[in-house]
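Quick notes on the structure that follows.
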Amino acid sequence: MKRFLFIVTLVLCLHTAISLAARPDEMLADPMLEARAREISKELRCPVCQNQSIDDSDADLSHDLRVLVRQRLEKGDTDEQVKQSLVARYGTYVLLNPPLDNTTILLWSGPVLILIFAFLITRGFFKTAKLDTTEQDLLEEEKKRIFKMIDQEEEREEEDDK
Amino acid sequence: MKLHLLPLALFIIMIGFFVCRLSLIERGNMPRDIPSVVLNKPAPGFNLPPLLKTGLKTADFKGKVTLVNFFASWCVDCLAEHKYLTDLASKGAVLAGIDYKDTPANGQAWLAKNGNPYNVIAIDRDGHTGIDFGVYGVPETYVIDKQGIIRYKQTGAVTPEIISDKLLPLIKELNK
């Protein structure tokens, strides 16, 4: 029972932690529409606090945009139409998942480029590691020479003994 | 490959990026500026009630070059740019003010206190016209040509440099 209460309390605490900026007075009566509004809001970037979605952001403009999204949904716009209406005003900048175009090519190819770069560097490291093994080979040769010399010395000693 | 030089090389590349970015800021290209998509497009349709005397609607832009300035009584930077706008108005520029997300009483009191450089002044209480223009931080200033097309957008306060280097030449050009 204690454990159960603990979990309930934890979930409630977490809930307040993640309950987002959407204010109660913004919410739509229709739960389906409201759910769609929340999903769309999560994908729209707040132009003021630029690394938050309008769903997360407490900025006044985000509040206005959330209301706008809901008004458009109530008028019967599709999710895509709602997003495009904001793209028309603020550009693809407002999409947290921006389309691939001239301005985002570096953004999208960045991870791949970094991966290739990392691969090249790692290969570089392994190549130097190989250099180390050739040094090891030289040591082997030296060892052989040493053994040879020891053998010769022993042979000479044996001859001297005779 | 001299691998031990790699961190140094990466460091130099990184410094290179910083220098490039900082020099862009020096030239007024702020990282937080959003590339405007309303440039060279017709001004959005709107019809706003007046803050003083007459209101403002899209059709009013026809036939003259207009500077549309979004401001608010609660906005600190707006006060900073106010004297430069007054200056600009005295040089004959047509200024249309839009009081953004403000109460009429506050807006009117602000103008009474600081002076009114605007030829017409409207109020956008819910901020929807601002959103249609792509406003995300007042003050913002738009230059609209005789055909009602947006030709320039300034996010943040105008400075004497912006007025002399950009706004005045552009107004002159568009008035030809």
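Readers should treat all values here as calculations from the given coordinates under stated rules, not as data from a laboratory. The model shown is predicted, which means the values in this text are computed figures rather than measured ones. Cβ coordinates were reconstructed from backbone atoms using ideal geometry, including for glycine residues, and neighbour counts include every protein chain displayed.
Per-residue HN-Hα couplings for region B:104-109, Karplus 6.51 cos²θ - 1.76 cosθ + 1.60 at θ = phi - 60°, whole Hz, x for Gly and Pro?
Values, residue by residue: x, 4, 5, x, 5, 5 Hz.
What FRET efficiency do you get for A:Trp108 and B:Asn106 if R0 is 56 Å and r is their Cβ-Cβ distance, rounded to the nearest 0.05?
0.80
For chain B, with only Lys/Arg (+1) and Asp/Glu (-1) charged at the beta-carbon, what is the dipole magnitude about the Cα centre, in debye rounded to 20?
Charge dipole of chain B: 380 debye, to the nearest 20.
Past 22 Å, Cα to Cα, is the threshold; run B:Lys57/B:Lys146; A:Lys75/B:Lys41; A:Lys42/A:Lys83 against it and keep the listed order.
In this structure, A:Lys75/B:Lys41 exceed 22 Å between Cα atoms.
Give me a single rounded figure for B:16-24: the average over its residues of other chain Cβ atoms within 10 Å of their Cβ.
0
Tally Lys/Arg at +1 and Asp/Glu at -1 over every other residue whose Cβ is under 12 Å from the Cβ of A:Asp161; what's the total?
Net local charge, A:Asp161 excluded: -4.
Once you have the Cα-Cα distance between B:Lys113 and B:Leu79, take 0.36 nm times their residue separation minus that, and quote the gain in nm to one decimal.
Extra length available between B:Lys113 and B:Leu79 comes to 11.2 nm.
Using a Förster distance of 25 Å, how high is the FRET efficiency between B:Ala59 and A:Leu33, based on the Cβ-Cβ distance and rounded to 0.05?
0.10
Between A:Leu5 and A:Glu153, with labels modelled 7 Å along Cα→Cβ, what's the label distance in nm to one decimal, could you check?
Between A:Leu5 and A:Glu153, the label points sit 8.4 nm apart.
Determine the sum of side-chain charges near B:Ile34: Lys and Arg each +1, Asp and Glu each -1, restricted to other residues whose C-beta is under 14 angstrom from that of B:Ile34.
+2
Using the Cβ atoms and a cut-off under 13 Å, what net charge is assigned to the surroundings of A:Arg38, where Lys and Arg are +1 and Asp and Glu are -1?
Computed value for this residue: -3.
Please compute the contact order of region B:1-109 in relative form: average sequence separation of alpha-carbon pairs under 8 Å and at least six residues apart, divided by the residue count, as a percent.
22 percent
Starting from the Cα of A:Lys143, draw a straight line to each of the lysines and keep only those under 30 Å, dropping any in the same chain fewer than 8 residues away.
Hits, sequence-local ones excluded: A:Lys127, A:Lys130, A:Lys162, B:Lys2.
Counting DSSP beta bridges in region B:51-140, what percent are antiparallel, to the nearest 5?
Beta bridges within region B:51-140, antiparallel portion: roughly 15 percent.
Note down the Stokes-Einstein diffusion coefficient of chain B in µm²/s, whole number, using a Kirkwood radius over alpha carbon pairs, 20 °C, and 1.002 mPa s.
My calculation gives 122 µm²/s for D.
Using the Karplus equation 6.51 cos²θ - 1.76 cosθ + 1.60 (θ = phi - 60°), what ³J(HN,Hα) coupling, rounded to whole Hz, does each residue of region B:80-95 give in order, writing x for Gly and Pro?
Result, ordered by residue: 4, 8, 4, 5, 6, 5, 4, 4, 5, 5, 5, 8, x, 6, 8, 10 Hz.
Could you give each residue of region B:43-56 its phi-based ³J(HN,Hα) in whole Hz, using Karplus coefficients 6.51, -1.76, 1.60 with θ = phi - 60°, and x for Gly or Pro?
4, x, x, 7, 8, 9, x, x, 8, 9, 6, 9, x, 9
Of A:Ile7, B:Thr58, B:Pro31, which is farthest along the charge dipole of the protein assembly as shown in the positive direction, counting Lys and Arg as +1 and Asp and Glu as -1 at C-beta?
Highest projection toward the positive end goes to B:Thr58.
Calculate the spin-label point distance for A:Glu141 paired with B:Glu161, positioning each point 7 Å from the Cα along the beta-carbon direction, and give it in nanometres.
6.6 nm
Non-local amide H neighbours of B:Lys57 (under 5 Å, H modeled in plane, Pro and chain starts lacking H): which ones?
Correct list: B:Leu48.
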